[in-house]
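Take a look at the structure set out below.
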Amino acid sequence: GRAIMSDILAIIPAYCEEKNIGAVVLACRRQGLDVLVVDDHSRDATAKTALAAGATVVSHCFNVRYGCALQTGYQYAREHGYRAVVQLDGDGQHDPAWLPQLLAPILAGEADVVMGSRFLGDAGYHVPWARRVGQRLFGAIAGYLIGERVTDPTTGLQALSLPVVSLYCTSVFPDDYPDADMRIILHRMGFRVREIAVQMRASETGQSMHSGILRPLYYIYKMSLAMLIACYRKLPAKEMS
């Protein structure tokens, strides 16, 4: 029989994170979680280090970007019958100590998505100003459209119920970064989203999958379009499991 928490899968998308991935995997394993590292065609020993630390590793044959790496994890979770999913980055920014707090509302049936927000409360997390202005702007617009507070739409530290995992296995989920557009889609489908304040460390590796931040103007254009589509696109049926 599985341990109490091992019907929960921790998904860690990773790209060239051999320095940090072992510690992240070990911290998740210590909480009794099964761990899947999705190695997005790293050029270093990320996969080997993750395996040695006790993770299951799925390696992509070429670099497919963050959203696709997450989706590989969601598909794995659904195929292997996990009850819920937590996701965190492999660069050491996200402390696995927050995972039980993220999971609690999911396991209690009180929420479908719990997002760890860097900007709720006084987390003092530094983001390049242009990106932060974009996040605030689109978080505010999404919040206005759905009538909920949206402080950190791009956080990679989340817990998800199985029906949301099933939704994220479809083409609705973006291949680069899930953002404010996904909050609109979750709202339209009747999923309950909660944010909790978390502290995050600044990334120490230059190879984070979030590096090479998109030019601000392109981000604004792309997000505006994505949010417009999110308001009107036809959505898949909601799986109730």
| field | Full-stretch length increase - LEU235, MET189 - with 0.36 nm per residue and alpha-carbon distance subtracted | value | 15.8 nm
| field | DSSP-assigned coil residues among trypsin sites (Lys or Arg not before Pro) in region 25-69, each with at most 11 further Cβ atoms within 10 Å | value | ARG43
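May I ask you to derive the relative contact order of the chain, considering only C-alpha pairs under 8 Å and at least 6 residues apart, and to give it as an integer percent?
23
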| remark: The summed charge of the LYS48 Cβ neighbourhood (under 14 Å; Lys/Arg +1, Asp/Glu -1) stands at -2
| said: Just to be sure I understand: of the beta bridges DSSP finds with both ends in the chain, what percent are antiparallel, rounded to 5? | reply: 25
| message | If a paramagnetic tag sat 7 Å from the Cα of SER171 along the Cα-Cβ line, which residues of region 72-113 would have the backbone N under 15 Å from that point? | response | none
| request: Compare the Cα positions of LEU162, THR151, ALA97 along the charge dipole of region 73-174 (+1 at Cβ of Lys, Arg; -1 at Cβ of Asp, Glu; about the Cα centre) and return the one farthest towards the positive end. | output: THR151
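At R0 = 35 Å, how high is the FRET efficiency between LEU107 and ARG149 if r is their beta carbon distance? Nearest 0.05 is fine.
With a Förster radius of 35 Å, E is 0.95.
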| Binned Cα-Cα distances of region 17-110, short to long, each 5 Å bin given as a whole percent | 2, 14, 23, 26, 21, 9, 3, 1, 0
| said: Which of rounded, prolate or oblate describes region 112-182 when judged by the alpha-carbon gyration tensor and an a/c cut-off of 1.5? | reply: prolate
| query | Given +1 on the Cβ of Lys and Arg, -1 on the Cβ of Asp and Glu, and no further charges, what dipole in debye does the chain carry about its Cα centre, rounded to the nearest 20? | reply | 440
| remark: proj_area_mean for the chain (convex hull on C-alpha atoms), units nm², value 12.3
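Taken together, the values in this text are just the output of simple stated rules run on the coordinates, not laboratory data. A quick note: this is a predicted structure, and the numbers were derived from the prediction, not measured. Note: ideal-geometry Cβ built from the backbone for every residue, glycine included; neighbour counts use all protein chains shown.
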